[in-house]
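Here is the structure we will look at, set down as structure tokens.
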Amino acid sequence: MKKITINDVANHAGVSKKTISRVLNNEPNVSSDTKSKVRASFKTLGYRPNPHARGLASNQSFLIGLLYDNPNKSYVSDIQNGALERCKADGYNLIIHPEDHDNDCLLVNVENVLTEANLDGVILTPPFSDMVALLDLLQNKKIPFVRIGATLPFTEMPAVISNDTEASYQMCRYLISLGHTQIGFIKGHPDHHVSQQRLDGYLQALSEIGISPEQSLIKQGYFTFESGESCARQLLSLNNRPTAIFASNDFMAAGVLKVALQKHLSVPHDLSVTGYDNAPISRYIWPSLTTVKQPIKAMAVEATKVLIKLIRNKTIDNDTISFENELVVRESSAPSPRKESVTRT
């Protein structure tokens with residue numbers, strides 16, 4: 001069979017080759033009728049663009065890199081799906097690159113990927129979003145990038161964030177409204193700066209009702225089920241154990257539920273447990289978790305959209321795009337069994 005070329009498509013659609021190229025690159029200066037006509041010709045003729053030839057013609061690779069290091073598989077999956085969705089809509093391909101953020105060769109590895117894949121731009125997820133040496137590397141190489149979940153200021157490139165401090169504050173206030181004042185908190189991985197934001201929200205909520213949190217109630221987790229389990233054993237072994245435990249992600253909260261069951265504590269009647277992220281596990285386990293819903297996929301879609309604008313040398317409206325998190329109440333939380341008196345402010 002004869003290979004269908006861009007010339008064949010142009011003749012079939014009755015437009016110029018340049019118009020075909022604009023449609024392939026999803027450029028805005030093409031009418032919707034023309035786009036529909038060209039895409040109909042693609043389908044009728046069975047045309048498949050050659051990515052290599054397309055890249056040579058435009059001096060682009062049409063490849064975007066996604067850099068991640070996160071033990072939460074559902075988080076990574078949502079980021080990937082969001083980025084892929086937007087890449088497909090704009091005619092780009094996504095290269096997914098897992099990397100150990102503690103690797104001494106991190107910068108060398110990233111530089112090799114940039115060179116070998118000839119990436120047009122990069123999406124950074126935590127903790128890479130706040131690694132200054134990595135940001136400097138990308139900037140020095142003039143590689144456009146967008147940071148998801150960034151906490152450190154870096155005005156040169158945009159960031160897509162969510163209100164983690166506020167969401168954590170609202171979760172703690174919700175527990176306080178149920179009568180809990182002895183609230184344990186499991187921190188996220190210390191290398192993820194967002195972990196501090198979630199701790200700050202917890203501390204702020206307690207401070208507002210005049211409670212100085214006991215350090216024994218705050219434990220260091222690492223966003224893993226195992227670390228949640230370990231922290232729960234410490235918290236639930238205290239003489240004055242907490243009536244509620246707020247874990248910085250759902251996998252750690254699931255670890256808390258396991259330990260509570262082993263200690264014959266009823267959740268939520270003896271102990272309320274809450275998480276963060278609204279990962280699938282929060283809905284599938286029993287009791288289902290009260291948690292914070294983060295619009296992770298939507299954030300990835302927006303980050304990819306902004307990155308493609310930067311690659312095409314277009315202006316963007318905001319350096320920082322903020323998304324709102326949402327409190328999701330389920331079966332794992334209930335009024336405190338101790339019926340503490342809480343002063344609201």
All but one of (1) surrounded by fewer than 17 Cβ atoms within 10 Å (Cβ to Cβ); (2) touching a helix residue (DSSP H, G or I) at 6+ places or on another chain (Cβ under 9 Å); (3) over 17 Å from residue 227 (Cβ atoms) hold for residue 294; which doesn't?
(1)
Could we say that residue 96 is under 26 Å from residue 189 (Cα atoms) and in contact (Cβ under 8 Å) with a residue 40 or more places away in the chain here?
no
The residue from 177, 212, 168, 207 that alone is surrounded by 24 or more Cβ atoms within 10 Å (Cβ to Cβ) and of a type in the set (S, T, N, Q) is 168
Can you tell me which residue within the stretch 157-175, out of those that are of a type outside the set (Ser, Thr, Tyr) and in contact with a helix residue (DSSP H, G or I) (Cβ under 6 Å, 6 or more places away or on another chain), is nearest to residue 202 (Cα to Cα)?
172
Scan (1) of a type outside the set (Asp, Glu); (2) assigned to a helix (DSSP H, G or I); (3) under 19 Å from the mean Cα position of the chain (by Cα) for the single condition residue 310 breaks and write down its number.
(3)
Does any residue of the stretch 222-239 turn out to be within 15 Å of the chain's Cα centre (by Cα) and small (Gly, Ala, Ser)?
no
Can you tell me which residue among 199, 238 is outside the structural domain of residue 75 (by TED's automatic domain parsing) and assigned to a helix (DSSP H, G or I)?
199
The lone exception for residue 159 - which of (1) among the aliphatic types (A, V, I, L, M); (2) under 25 Å from residue 324 (Cα atoms); (3) out of contact with any strand residue (DSSP E or B) (no Cβ under 8 Å at 6 or more places or on another chain) it fails:
(3)
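For residues that are of a type in the set (A, V, I, L, M, F, W, C) and surrounded by fewer than 22 Cβ atoms within 10 Å (Cβ to Cβ), scanning just the stretch 180-204, find the one that is nearest to residue 295 (Cα to Cα).
Ranking the candidates gives 199 first.
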Members of the stretch 249-275 found to be part of a helix (DSSP H, G or I) and among the charged types (D, E, K, R), listed by number
250, 258
Closer than 20 Å to residue 159 by Cβ and in contact with a helix residue (DSSP H, G or I) (Cβ under 8 Å, 6 or more places away or on another chain) - does that describe any residue in the stretch 200-216?
yes
Return the total of residues in the stretch 288-299 being touching a Phe, Trp or Tyr at 6+ places or on another chain (Cβ under 7 Å) and part of a loop (DSSP other than H, G, I, E, B).
1
Is one or more of the residues making up the stretch 98-113 over 30 Å from residue 282 (Cβ atoms), touching a Ser or Thr at 6+ places or on another chain (Cβ under 9 Å), at pLDDT below 90 and surrounded by fewer than 16 Cβ atoms within 10 Å (Cβ to Cβ)?
no
Might you check whether a residue that is buried (at least 19 other Cβ atoms within 10 Å of the Cβ) and of a type in the set (Ser, Thr, Tyr) occurs anywhere in the stretch 81-96?
yes
Is it the case that some residue within the stretch 276-287 is surrounded by 20 or more Cβ atoms within 10 Å (Cβ to Cβ) and either without any contact (Cβ under 8 Å) to a residue 40 or more places away in the chain or part of a helix (DSSP H, G or I) (or both)?
yes
Residue under question is residue 161, and the condition is that it be buried (at least 17 other Cβ atoms within 10 Å of the Cβ) and more than 20 Å from residue 199 (Cβ to Cβ); does it hold?
no
Determine if the stretch 75-84 includes at least one residue that is modelled with pLDDT under 85, in contact with a helix residue (DSSP H, G or I) (Cβ under 8 Å, 6 or more places away or on another chain) and not hydrophobic (A, V, I, L, M, F, W, C).
no
Scanning the stretch 167-196 residue by residue, the ones that are within 26 Å of the chain's Cα centre (by Cα) and part of a loop (DSSP other than H, G, I, E, B) total 6
So which of 250, 270, 277 ends up being in contact with a Leu (Cβ under 9 Å, 6 or more places away or on another chain) and either of a type outside the set (Val, Ile, Thr) or in the same structural domain as residue 173 (by TED's automatic domain parsing) (or both)?
250
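The values are calculated or read from the model by the stated rules, or taken from the named source; none is laboratory data. From a predicted model like this one, the values you see are computed outputs, not experimental measurements. Cβ: placed from backbone, ideal geometry, glycine included. Neighbour counts: every protein chain shown.
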